[in-house]
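Worksheet for the structure shown next.
Each value in this text was obtained by applying a stated rule to the coordinates, not by laboratory testing. What you are looking at is a predicted structure, and each value in this text was computed from that prediction instead of being measured. As a convention, Cβ positions derive from the backbone with ideal geometry for all residues, glycine included, and neighbour counts pool all protein chains shown.
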Amino acid sequence: MPTLYHHPLCPHSRFVRLVLSEYGIDATLIEERVSDRRPEFLALDAAGRTPVFVDDNGLVAPGANLIAEYIDETYGAERGAQRLLPQEMAARIETRRLVDWFNVKFFDEVTNWLITEKVYKRFAPPGGAPDMDVVRVARANIRHHMRYIGYLTNARNWLAGDRLTYADFAAAAHISCADYLGDAPWDEDEAAKHWYQRIKSRPAFRPLLSYRAPGLTPGRYYAELDF
């Protein structure tokens, strides 16, 4: 069985977990606190970041986007219409563009700041209170992204087009982290909210919604499918 080194509130880890669950791929989950800098983990990925995927043959794939490509090449083709990285070139480009948007731009502007200030600072040395100026900037930034999601889903069935793709799971992974922390502005865009309700209702989401961080209560709507 493959192994996934992850952190439960790392959005990139959540993206990979959602993809694995959607495809029905079982994996052993090992929770990794990257601040510990374990030599065994650094031997797998010198960058020391989650997620890291190790397949049955010991092949190591570090990083969410690289893991997604590996999963597509090894499992995607047999999925036909359910393939999460479409076969058509234009659709593949748009899917990759949006995966990059959320895993890089959204992360840099929103989730990295929220998770660092409200989670990692809480549990990793030297600790300390969150910088609320940083949190407020992230809360302002996420509203722009919610409107962009609404813009996309007003014109399309899913984010990248008519079909569910990696783009939807990448976006949902990041938003789920903000939602856990109570920082998802569901009053910002009704179309974005409706899209998230749809993807949140998929069976692949259930393991994420059942998670509870020790000492950190989830936001009011985190586990609710109809909110």
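Structure values in brief
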read-out	value
Antiparallel %, DSSP beta bridges [both residues in the chain], to 5	65 percent
Share of pairwise Cα separations in segment 83-148, more than 20 Å, in percent	44 percent
The chain: relative contact order in percent, alpha carbon pairs under 8 Å with at least 6 residues between	21 percent
Other-chain or far-sequence residues with amide H under 5 Å of Leu29's (modelled H)	Leu4
Estimated inter-spin distance, Ala77 and Arg156, nm [label 7 Å along Cα→Cβ]	2.5 nm
Size of charge dipole - the chain - debye, nearest 20, with Cβ of Lys, Arg +1 and Asp, Glu -1, no other charges	420 debye
Computed [θ] at 222 nm, deg cm²/dmol, the chain (DSSP H ≥ 4; -39,500 (n - 2.57); rounded to nearest 500)	-13000 deg cm²/dmol
Anisotropy class of segment 28-120 from Cα gyration tensor, a/c 1.5 cut	oblate
Three-way shape label, segment 1-42, alpha-carbon gyration tensor, a/c 1.5	oblate
Segment 89-209: equivalent-ellipsoid semi-axes (sqrt of 5 x gyration tensor eigenvalues, Cα, Å)	26, 14, 14
Student exercise, segment 14-56 dipole from Lys, Arg, Asp, Glu Cβ charges, in Debye to nearest 20	280 debye
Residue exposure sequence - Tyr166, Tyr196 - by fewest surrounding Cβ within 10 Å	Tyr196, Tyr166
Cβ-defined net charge surrounding Glu117, 12 Å radius [Lys, Arg +1; Asp, Glu -1]	+2
GNM flexibility winner over the chain from Phe123, Phe15, Phe107 (Cα, springs under 10 Å)	Phe123
Alpha-carbon centroid distance for the pair segment 16-82 / segment 160-216, whole angstrom	20 Å
Highest-fluctuation residue, Thr116, Thr50, Thr165 considered, GNM on the chain with Cα pairs under 10 Å	Thr116
Choice from Ala184, Ala91, Ala47 with maximal GNM fluctuation in the chain (Cα, 10 Å cutoff)	Ala47
